[in-house]
1. Residues with beta-carbon under 9 Å from that of Phe132, excluding Phe132: net charge, scoring Lys, Arg +1 and Asp, Glu -1?
2. So if the hydrodynamic radius of segment 109-161 is defined as the Kirkwood radius over C-alpha pairs, what does Stokes-Einstein give as its diffusion coefficient at 10 °C and 1.306 mPa s, in µm² per second?
3. Between Trp66 and residues 5 or more places away or on another chain, which pairs have amide H atoms under 5 Å apart, with H built 1.01 Å from N, and which residues are they?
4. Average the reciprocal distances over every distinct pair of alpha-carbons in segment 70-143, invert the result, and give the Kirkwood radius in Å.
Amino acid sequence: MPRFARKRLSYLESQIPFLIENEGLQQWKVAKLLGVSRDTVGRICKRLGLETQRTGPRSGEGHPNWEGGRRKVGSYWYIYAPHHPYTTKQRYVAEHRLVVEKELRRFLLPTEVVHHRDGNPGNNELENLEVFLTNAEHLRHELTGRTPKWTAAGRERTLQGVRRRRKPRRS
């Protein structure tokens, strides 16, 4: 191999890991940037053991349709937070939880519940949010003073279920 080719290969091997791992570029973009074929970049990546992006568009910020990482699921807003320890499978976290975590300067535990005082899950102002240690505490707060609107037949079925004799446990 001529000396020029070895220098060029050495240069490519030093540039490609930076562009793929740090800059997050795809192989075809690296090839275009460095003026080499995509196959050359692929061979160098394989030789260096680099994990590269899939051939399609990147997920998250690298995707061409990326709109900032805020989406509404049901009534709640979710924020794209790939490095948060308690994300969904799609790497999103409920915005109201992030607002409270920022104020408390710590991550909320998965058992902690954030309550919207005004009942509007879209209102994620700090003054509207309250944290409960468990869902039981949250339900106790929410259901205090409220009585269910049961029909007489429904109430009777519930009481029969409670009164029904249960089979003794086997030891």
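1. Working: positive: Arg140; negative: Glu112, Glu130, Glu137.
Result for the neighbourhood of Phe132: -2.
2. Working: Rh = 13.4 Å.
Stokes-Einstein gives a translational diffusion coefficient of 119 µm²/s.
3. Here the answer is none, since no amide H 5 or more places off falls under 5 Å of that of Trp66.
4. Working: mean 1/r = 0.0787 Å⁻¹.
Kirkwood hydrodynamic radius for segment 70-143: 12.7 Å.
Throughout, read-outs are computed from the coordinates displayed, never taken from laboratory work. All of these numbers come straight from a predicted model, not from anything done at the bench. Using ideal geometry, Cβ is built from the backbone for each residue, glycine included, and neighbour counts are taken over all protein chains shown.
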